[in-house]
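Working notes, beginning with the structure itself.
The values are calculated or read from the model by the stated rules, or taken from the named source; none is laboratory data. Since the structure is predicted, the reported quantities are computational estimates derived from the model, not experimental observations. Neighbour counts are summed over all protein chains in view; Cβ atoms, including those assigned to glycine, are modelled from backbone coordinates with ideal geometry. Just so you know, the surface numbers come from the protein's heavy atoms only, side chains and all, with ligands and any DNA or RNA stripped out. Shrake-Rupley method; radii C 1.70, N 1.55, O 1.52, S 1.80 Å.
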Amino acid sequence: MIMNISKHFQGDHQSCSSESPCQQPGYVPKRKPLTMPAAISAYEAALRKTLIYKNADSCHLCRDTYWVESFNHQLLTYLPKRIHFHTKTFEMRMSLAVMDWNENCQRMATSHHEYTDVRRPDHHSTYNVLVKKTHRFVNNIWSMYVLRNITSQQILQDDEDDDDMVLPYDAAMYDGDYVDSEDDDYVCSDDGEDDEDN
């Protein structure tokens, strides 16, 4: 399969994958085909020296790294390298990136644009304009959070007789005098009388 690269660049696509662009109608090669025997021989010799050729048994299930590279690019939206996150925050952001990726990784293309590199006028590249991303996973997280809170509140209401239940604000946190945050001079005593510093 690796040596088929040489045939591909010679214009022979019989052994190319059915998913390859060269198998599509109207395919036009971006580079001039190899025709000189010396060039073909040198190209094939270079292919035989590559690590992937020498270790083909370890790589025969691999196709490309596109998905990995695309996910790593998406990951930077949630985990920029210049910021150090705490472990819990890191795990949360990683989970959000995974959910975002799983929802949007196979979006359909609405159109195709072709552009030319001014530094290489003979090189033409095409990129896809994808449909707008969706974020349904955010609503799913919110629904789970709300439902879990409702369930927790119901448990507390059913357990009113429990001694460990959270008490009201004034009874649980204060047994004596306290200072009102809005007026530092206002003091409320246990006996119910209001005092005011003069």
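Worth pointing out:
- Label point of Lys49 set 7 angstrom out along Cα-Cβ; within segment 1-21, amide nitrogens under 20 Å from it belong to 2-7, 9.
- The solvent-accessible area of His8, taken with every protein chain present and a 1.4 Å probe, is close to 50 Å².
- Accessible surface of Ile52, taken over heavy atoms with a 1.4 Å probe and every protein chain present, rounds to 90 Å².
- For segment 24-56 and segment 110-138, distance of Cα centres in Å: 27 Å
- Near the amide H of Leu130, within less than 5 Å, lie the amide hydrogens of Thr110, all on another chain or at least 5 residues away, with H placed in the peptide plane.
- Hz values of 3J(HN,Hα) by residue in segment 19-30 - Karplus curve (6.51, -1.76, 1.60), Gly and Pro given as x: 8, 6, x, 5, 8, 8, x, x, 5, 10, x, 7
- A simple rule links phi to the HN-Hα coupling: the Karplus curve 6.51 cos²θ - 1.76 cosθ + 1.60 with θ = phi - 60°, which for segment 67-80 gives 5, 5, 5, 5, 5, 4, 5, 5, 4, 5, 5, 9, 10, x Hz, with x for Gly and Pro.
- Heavy atoms of Asp64 accessible to a 1.4 Å probe, total area in Å² rounded to 10: 100 Å²
- Pairs beyond 30 Å (Cα-Cα), from Lys32/Lys132; Lys32/Lys54; Lys88/Lys133; Lys32/Lys133: Lys32/Lys132; Lys32/Lys133
- Cβ-Cβ FRET estimate between Arg136 and Met36, R0 fixed at 45 Å, reported to 0.05: 0.20
- Cβ-derived FRET efficiency at R0 45 Å, Ile5 paired with Tyr115, nearest 0.05: 0.95
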